[in-house]
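Structure, as structure tokens:
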Amino acid sequence: MPGWGLGRILLVMVNETGVPVLVIGGGGREHALVWALRRSARVSEVVCAPGNAGIAAMARCEPLEVTDVAAAGALAERERPGLVVIGPEVPLALGATDALEAAGFRVFGPTRAAARLESSKVFAKEFMERHGIPTARSARCVTIEEVEEAVRGFSVPVVVKADGLAAGKGVVIAETHRQAVQAAGEMFTGALLGQAETEVVLEEFLPGEELSFFALCDGKTAVPIAAAQDHKRVGEGDTGPNTGGMGAYSTDTLLGGGMRQWLTTKVAQTVVDGMAAEGVPFRGILFCGIMLVPRADGTVNPMVLEFNTRWGDPETEAILLRLETDVLDLMEAAVNGTADQLEVRMKPGASACVIAASGGYPGKYRSGEVISGLRDVPATEEVVVFHAGTARRGEEVVTAGGRVLAVTAVSEQGLKEALEKAYAAMGKISFAGMQYRRDIGWRALAAGR
Ligand code: AMP
Ligand code: GLY
């Protein structure tokens with residue numbers, strides 16, 4: 001057949017030329033994305049903006065302020081990538097996808113309107129209510145008087161959420177009604193987050209264990225990728241203040257088959273159908289923050305705490321080390337609308353990621369500390385030290401953020417072995433003030449999962 005021959009030739013040409021990819025962002029998540037993309041036979045080059053010292057060892061880095069959508073557009077015009085991958089939530093909320101798509105680029109990441117599932121708590125709560133997705137009872141307030149009135153309808157503790165993006169600082173769990181009113185007041189004035197909020201959400205407190213569930217969406221279909229568990233508190237045993245995430249793990253056994261199916265159909269696919277029906281197709285990663293609320297009979301009732309419209313950090317580091325499917329195939333399926341044909345394969349067993357953070361994080365910390373021991377942990381198929389906040393200073397790699405490294409390992413034997421490998425690697429690395437949790441995965445190990 002002549003058509004066949006032409007198709008074959010075109011396929012070979014595409015294979016030979018490959019797809020140049022531009023990744024926007026510069027944390028541990030983006031290092032893991034760059035690492036996974038570099039393993040794809042179909043990717044010809046990876047450029048990352050702004051990247052970090054670890055990313056620079058495997059991709060060309062270009063300067064970029066990720067909040068500068070116009071600069072991202074100008075960079076794309078210079079680089080002419082075949083695919084742009086947007087890592088963090090802020091450029092998505094600012095419409096980076098819309099701008100790049102309007103300029104003719106293919107983009108992995110939702111449009112500004114679709115990213116409202118993350119960038120507006122009010123939108124997300126109302127969306128869940130419209131589409132029957134189980135979530136905590138809530139009230140939306142635009143004045144402090146409304147908060148004072150509505151809070152009486154909630155028992156304590158009660159959760160107060162700022163509407164907009166707040167880098168993990170926009171949620172306050174108030175032990176009393178007074179505290180809730182005070183937190184809401186500080187959200188309205190800007191005292192809490194530095195910018196004044198126009199709306200807050202009061203929400204019923206849900207007890208239980210948290211789970212991060214990731215699905216790939218192409219506007220029509222949601223395909224499950226994996227579940228992971230993050231460790232948000234800075235201290236061992238889940239104590240101390242909240243952070244961006246101090247470690248994560250992913251195992252096959254985190255989700256029973258019934259739960260995986262339920263989260264896929266009742267949550268992720270319901271979101272995709274609902275967004276499509278509202279004229280805002282959702283393409284990209286849907287990260288469902290789930291609370292497994294215990295029932296009296298020992299089973300759990302899964303409820304959605306929040307959506308994020310991007311990969312999680314540090315969940316992504318753990319998940320991508322387990323991903324067997326070519327990550328470019330996965331991302332292109334979302335862009336091309338072919339997720340229904342995508343097969344997501346993960347290595348059996350488990351993976352774990354342990355974050356090395358600067359001393360004092362999540363409060364004040366010092367940057368510029370020399371990191372030693374990195375050369376003693378060469379990247380292998382099973383252990384990779386992803387860089388989160390690092391920079392190069394001459395020959396040295398120095399700390400440049402609160403979360404510094406994401407030491408990640410995978411093992412077919414299971415979580416215990418993955419953790420042992422990650423901690424063995426961590427033991428070789430040091431910098432002044434370095435802190436890390438020694439109990440990542442503790443719940444799963446304790447429960448024999
Ligand atoms: P969110 O940004 O909505 O995920 O909230 C951040 C964190 O606050 C979550 O990961 C939970 O640990 C906690 N949280 C949020 N909403 C609730 C809730 N309704 N009940 C209990 N904890 C919550
Ligand atoms: N690990 C939580 C987040 O990425 O928001």
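The values are calculated or read from the model by the stated rules, or taken from the named source; none is laboratory data. What you see is a predicted model; the values in this text were computed from it and never measured. Ligands, DNA and RNA are excluded from the accessible area calculation, which covers all protein heavy atoms including side chains. Shrake-Rupley method; radii C 1.70, N 1.55, O 1.52, S 1.80 Å.
Annotations
- Surface analysis of the range 140-267 yields an accessible area of 43 Å² per residue, using protein heavy atoms and a 1.4 Å probe.
- Screening the chain for whole DSSP H helices of 20 Å or more along their axis (Cα) with average Kyte-Doolittle hydropathy at least 0.5 returns 2-17.
- Heavy-atom accessible surface of the chain: percent carbon and sulfur, 1.4 Å: 52
- Evaluating kT/(6 pi eta Rh) at 25 °C and 0.890 mPa s, with the Kirkwood radius of the chain over Cα pairs in the Stokes-Einstein relation, gives 109 µm² s⁻¹.
- Accessible area expressed per residue, the range 18-91, with surrounding protein chains retained (probe 1.4 Å, Å²): 34
- For the range 223-278, the fraction of alpha-carbon pairs in successive 5 Å shells from zero, as %: 4, 17, 18, 14, 15, 16, 11, 3, 1
- In order along the range 211-227, the phi-based Karplus estimate (6.51 cos²θ - 1.76 cosθ + 1.60, θ = phi - 60°) of 3J(HN,Hα) comes to 9, 10, 10, 10, 10, 8, 10, 10, x, 10, 10, 10, 10, x, 9, 5, 10 Hz; Gly and Pro are listed as x.
- Per residue, in Å², the accessible surface of the range 387-449 once ligands and nucleic acids are set aside, probe 1.4 Å: 44
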